[in-house]
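Since the structure comes first, as structure tokens, the remarks are kept for the end.
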Amino acid sequence: MAGERTIVVTGCSSGIGAHCARALKADGWRVFATVRKTADLAGLEADGIEAFLMDYTRTETISELVSAVLERSGGRIDALFNNGAYGQPGAVEDLSTAALRAQFEANFFGWHELTRQVIPPMRKRGQGRIVQCSSILGMVPYRYRGAYTASKFALEGLSITLRMELQGSGIHVSLIEPGPIATRFTANALVKIKENIDLENSPHAVDYMRQLARLDGSGPPNRHKLGPEAVYSVLKHALNSKNPRPHYPVTTPAKQGMLLKRLLPADLFYRLMRRTD
């Protein structure tokens with residue numbers, strides 16, 4: 001195992017993380033995968049993946065993960081794929097500060113802590129790859145996704161700054177910006193909107209009915225939705241290219257959104273996004 005490249009992949013219980021962990025293993029990486037629930041360890045371990053419990057909102061679990069990986073790998077962490085996250089839907093005015101803070105703990109502060117802890121061993125070896133699974137909502141705003149959008153906008157800014165600061169160190173930072181991907185993300189978001197938003201008494205109650213249809217699958221299907229393999233195809237480039245890109249948009253809506261944001265006047269662009277549902 002001494003010659004295998006090592007990578008830490010988070011959020012591997014399902015979806016993008018689970019697919020990428022297994023695909024990386026098949027491509028010859030030594031994969032250290034994380035999940036939040038003990039029940040999710042066995043499936044990964046059965047496929048030869050070294051799995052750990054880690055929760056972005058609990059700093060001690062991040063430190064325990066990094067220590068365990070360094071011990072098993074002889075101090076080697078070649079790459080990090082930050083992926084585990086959730087979306088808190090709801091209008092900004094309906095969003096409590098506590099719910100917003102929880103969104104940032106899971107989607108931003110925990111990612112920062114793990115990233116900071118893997119940089120020192122990467123610096124010692126003079127090389128490394130840090131890939132952040134952001135979102136097109138880190139580049140383009142969307143109604144009723146304010147908390148998630150804010151966390152991803154913050155991630156974009158912090159990660160690009162880190163990329164510039166690490167220039168010349170041998171460590172490269174990239175962001176993947178997926179649009180709609182077939183995962184459990186919407187099912188988890190449905191739980192969060194019911195848990196933290198007063199749906200019936202909000203001035204946005206009518207719009208929330210459409211949002212609930214999107215989340216529970218009773219609305220029209222998204223014809224642009226791709227499988228997690230679409231994310232893996234760009235992850236491979238970010239990990240293997242001599243000159244990895246700063247941004248990797250995935251899906252047609254993501255690519256269109258980034259293009260329109262560059263081309264259109266800001267007011268026109270935001271009015272266009274306001275009508276998007």
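Computed on protein heavy atoms with a 1.4 Å probe, the accessible areas place L190, L24, L259 in the order L259, L190, L24, largest first. Near L53, once Lys and Arg are set to +1 and Asp and Glu to -1 for all other residues with Cβ below 10 Å from its Cβ, the sum equals 0.
Could you tell me what percent of the accessible area of the chain is made up of carbon and sulfur, with a 1.4 Å probe and every protein chain present? Please list the in-between numbers first.
Details: 7150 of 13370 Å².
About 53 percent, which is the carbon plus sulfur part of the accessible surface.
Accessible surface comparison of R76, R123, R36, probe 1.4 Å, protein chains only, largest first: the order is R36, R123, R76.
Once the Cα atoms are used to define both axes, helix 146-165 deviates from the longest principal axis of the chain by about 40 degrees.
Between V206, V131, V250, the Gaussian network model of the chain with springs among Cα atoms under 10 angstrom shows the greatest mean-square fluctuation at V206.
To the nearest 10 square angstrom, how much accessible area does D216 have with a 1.4 angstrom probe? Its heavy atoms expose roughly 90 Å² to the probe. Nearest 10 degrees is fine. How inclined is helix 229-240 to the longest principal axis of the chain, computing both from alpha carbons? That helix lies at roughly 40 degrees to the long axis.
Residues of segment 23-64 with the amide nitrogen closer than 18 Å to a label point 7 Å from the Cα of A182, along Cα-to-Cβ, please. It comes to 23, nothing else. A straight Cα-to-Cα reach below 26 Å connects K225 with the lysines K25, K152, K192, K194, K236, K255, K261, residues fewer than 8 places away in its own chain not being considered. Electrostatic bookkeeping for L41 treats Lys and Arg as +1 and Asp and Glu as -1; over the other residues with beta carbon under 13 Å from its beta carbon, the sum is -2. Applying 0.36 nm per residue to the separation of E113 and K242 and subtracting their alpha-carbon distance, the gain on full extension is 43.8 nm. In the chain, a dipole from Cβ-located charges (positive for Lys and Arg, negative for Asp and Glu) runs towards its positive end, and of F185, Y248, I130 it is Y248 whose Cα lies farthest in that direction. What segment 1-67 shows is 44 Å² of accessible area per residue, with the surface traced by a 1.4 Å probe over protein heavy atoms.
The values are calculated or read from the model by the stated rules, or taken from the named source; none is laboratory data. For clarity, every value in this text was computed on a predicted model and none was experimentally measured. Note: ideal-geometry Cβ built from the backbone for every residue, glycine included; neighbour counts use all protein chains shown. Just the protein is used for accessible areas: all its heavy atoms, side chains included, with ligands, DNA and RNA removed. Shrake-Rupley method; radii C 1.70, N 1.55, O 1.52, S 1.80 Å.
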